[in-house]
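Structure first, then comments.
The values are calculated or read from the model by the stated rules, or taken from the named source; none is laboratory data. Remember, predicted model here, so these are calculated numbers, not experimental data. So basically every Cβ, Gly included, is an ideal-geometry build from the backbone, and we count neighbours across all protein chains shown.
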Amino acid sequence: MSFADATIARLPRSVRPFAERHHELIKFAIVGASTFVVDSAIFYTLKLTILEPKPVTAKIIAGIVAVIASYILNREWSFRDRGGRERHHEALLFFGVSGVGVLLSMAPLWVSSYVLMLRVPMVTLMTENIADFISAYVIGNLLQMAFRFWAFRRFVFPDEFARNPEKALESTLTGGGIAKALEDEFELRNAAPAEAPGKNGTVTPLRRPRRPAPDQLGDSSDPKVSKTS
């Protein structure tokens, strides 16, 4: 049993059927959680050691490492059967989509801070921190996750089963492709005779040519053999 299957087995029964139909989404969420841990671990390690006076630099380095790890894990695990683009084009689109996702994740925090004005002294410090956490880490991350999952499937890895032809054939067989082909062939063989328009515009059925009788197989142009007495 794979890690994704084990994770799905631990989910409540009410959501388990949905998860079983969306393996890619479950894997994508696991990768997102893993890269979040990588990002946080590298950031705090650098911030508390060699880059203590430069937290922004530490965050940039942690973010770059997390994005690279996300690309490798998503390509080789979450969307391992998808593809359809050259590697450099695929990587460029991945990092571009990830950048747009970061901007989207910042949008709720911007609204909370500068539109709703949930900042000190308008509100208490506790209210500000709660608002920042909900807007940045809850709403922002969910918005980013939804956009990235859609964009990865739509633009970065567009072709399903592009890297796994055997699975594509299996999907065709289990999806009713063979049954559909046999059904079409059966309907074609049992279809009514075709009809063609006659000279006067009427429609007459096309008939198969009649086979000649055995006594008509000879050529009428052959000279007749006379009987001699």
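Just checking, which of K199, K167, K180 is at pLDDT below 65 and assigned to a loop (DSSP other than H, G, I, E, B)? Exactly one residue qualifies, and that residue is K199. Hey, among V120, V67, which residue is out of contact with any His (no Cβ under 9 Å at 6 or more places or on another chain) and in the same structural domain as Y137 (by TED's automatic domain parsing)? Being out of contact with any His (no Cβ under 9 Å at 6 or more places or on another chain) and in the same structural domain as Y137 (by TED's automatic domain parsing) holds for just one of V120, V67, which is V120. The condition (being closer than 23 Å to L143 by Cβ, in a helix (DSSP H, G or I) and either among the hydrophobic types (A, V, I, L, M, F, W, C) or touching a strand residue (DSSP E or B) at 6+ places or on another chain (Cβ under 7 Å) (or both)) is satisfied by just one residue among M106, M126: M106. With respect to H89, determine if the residue is at pLDDT below 90 and closer than 20 Å to F152 by Cβ. Against the criterion (at pLDDT below 90 and closer than 20 Å to F152 by Cβ), H89 does not qualify.
For G99, the requirement of being modelled with pLDDT of 90 or more, surrounded by fewer than 16 Cβ atoms within 10 Å (Cβ to Cβ) and assigned to a helix (DSSP H, G or I) is met.
Taking V97 as the residue in question, decide whether it is under 20 Å from the mean Cα position of the chain (by Cα) and either closer than 23 Å to K27 by Cβ or in the same structural domain as Q144 (by TED's automatic domain parsing) (or both). The answer is yes for V97.
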